[in-house]
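The values are calculated or read from the model by the stated rules, or taken from the named source; none is laboratory data. This structure is a prediction, so every number in the text was calculated from the model and none was measured. In this analysis, Cβ positions are derived from the backbone assuming ideal geometry, glycine residues included, and neighbour counts consider all displayed protein chains. With ligands, DNA and RNA removed, areas are computed over all heavy atoms of the protein, side chains included. Shrake-Rupley method; radii C 1.70, N 1.55, O 1.52, S 1.80 Å.
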Amino acid sequence: MSNHSYSHEALAWIKQRLDDADTIISEAEKTAEKLQASAREEADAALARLKASREALLKLERDLRARADALRDDVEDIQEAAEKEWVEAETAFQTFLKAAQDQAGSINDLLVARAKAQRQSWEDAQKVMREQVTHTVDKARGEFDAAIKRVSDEAEKFQARIGDAKDAGDESWKAVKSGLADARAAHDRTIQKIKDAFSKLV
């Protein structure tokens, strides 16, 4: 996997977590307002931790975007830090759910909203991947078609030379062999690009 695609995947992963955190915070704030005083303090503390984690994730996303071209090996470190921060966010969320357990309806609304946000995030990521695969396959197919046309043109020139001058000399033969080699290389590149594009979907 290239550094560019790796950083792209890391950004997509952080973006999904930010969307998730936004949904959780929005719904949790509504629920927190309904809590009894005894549960409210614990819920507010959990919500504050969740917001802090969201801000940390946002900063990591900004850092990754700002340094995407120069990151190379740093992408892995940033994703690891984001994963650790997400564990903190999930822990805060679970603490909030525990504190708000007497608000079953609100908790249900929060979980449903989160599930919808996750599904939308996954659908968006899948759409982007499909578009990238389609673009890659179309581009590879165009390169292959161009290479086949070059071979065909060289073969026609070669045929004309044989017919006109009755000399299928080394130069003509080399031109056809070179054209065939170019077509084969374009074919191999096309197949590899198509394989790489489809591997992103699984």
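What the table below lists for this structure:
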read-out	value
Some residue of the range 33-56 being surrounded by fewer than 15 Cβ atoms within 10 Å (Cβ to Cβ), out of contact with any Leu (no Cβ under 6 Å at 6 or more places or on another chain), of a type in the set (S, T, N, Q) and modelled with pLDDT under 90	yes
Any hit, the range 96-113, residues being among the polar types (S, T, N, Q), under 25 Å from the mean Cα position of the chain (by Cα) and either under 17 Å from S53 (Cβ atoms) or open to solvent by 30 Å² or more (accessible area, probe 1.4 Å) (or both)	no
Single residue of the range 123-146 satisfying the filter (among the basic types (K, R) and within 14 Å of the chain's Cα centre (by Cα)) that is surrounded by the fewest Cβ atoms within 10 Å (Cβ to Cβ)	K127
Any pair with Cβ under 7 angstrom, 6 or more apart, that starts in the range 92-108 at a residue that is on the phi < 0 side of the Ramachandran plot and of a type in the set (F, W, Y) and ends at one that is crowded, with 17+ Cβ neighbours inside 10 Å and modelled with pLDDT under 85	none
